[in-house]
1. Counting only residues that are in a loop (DSSP other than H, G, I, E, B), under 26 Å from residue 32 (Cα atoms) and not β-branched (Val, Ile, Thr), which one in the stretch 63-100 is modelled with the highest pLDDT?
2. Return the pair list, or none, for Cβ contacts closer than 6 Å from residues in the stretch 115-126 that are crowded, with 16+ Cβ neighbours inside 10 Å to residues that are at pLDDT below 65, at least 6 apart or on different chains.
3. Looking only at the stretch 21-62, how many residues end up being assigned to a helix (DSSP H, G or I) and either in contact with a Gly (Cβ under 8 Å, 6 or more places away or on another chain) or at pLDDT 80 or above (or both)?
4. So, residue 103, is that one at pLDDT below 65 and either surrounded by 16 or more Cβ atoms within 10 Å (Cβ to Cβ) or assigned to a strand (DSSP E or B) (or both) or not?
5. Filter the stretch 127-143 down to the residues that are within 14 Å of the chain's Cα centre (by Cα) and modelled with pLDDT under 95, then identify the one that is surrounded by the most Cβ atoms within 10 Å (Cβ to Cβ).
Amino acid sequence: MKRTVLNTNIIISSALGGALVLILERMQKAMSTDQNKEVVILWLEERDKGNWDIINELFAPDYICHLASDPEPVRGRDKVRQMHAHSRWAFDIYPTHEPDLLIAEGDLVVHRETVRLKPKDPFRGLPPTDKEATVASVDIYRILDGRIVEQWNHLDRFGIMYQLGNFPTPL
């Protein structure tokens, strides 16, 4: 009689069949996707508070961020800190406290949020305005051993610039 030992310290006899083993393995994966979601949620909560010290805890040293708007990826914890601190410096940001969408599969977590923002200082050569923008962004995080190792960010930059009056009204 063959036995299978899983990380949950459960010994399963082959007489029970492989289906139970598959179910328990999927349960273990589901637990890890929940843990991955918790890493992302913690990051978002601390980011919204402006707690940049959490970056060393939650981001891998060789972290890579692929921004939809920039051809070169952002690399490393210091760049994460710089990128987020700079946007907080240039804008008053009013985040929603619940994600629009939060989905995890394997080592990936997809997060969509909508925020309101108002420029308070020049940003990327554009002057501040008295207008406010509501913008959506989608981030895909890859989590490994409880740390964010990679991210794909898709922010509606065109929508921001249009709402702030930096583009003419479309036809």
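The values are calculated or read from the model by the stated rules, or taken from the named source; none is laboratory data. Just so you know, these numbers come straight off a predicted model, no measurement behind them. Virtual Cβ from ideal backbone geometry, glycine too; neighbours counted across all protein chains shown.
1. Only one residue tops the list, namely 76.
2. 115/93; 117/91; 117/93; 119/91; 123/90
3. Qualifying residue count for the region: 26.
4. no
5. Initially, the stretch 127-143 is screened for residues within 14 Å of the chain's Cα centre (by Cα), giving 136-143.
In the following step, the residues that additionally are modelled with pLDDT under 95 were identified as 136-139.
Values: 136: 14, 137: 18, 138: 16, 139: 20.
Residue satisfying both the conditions and the ranking: 139.
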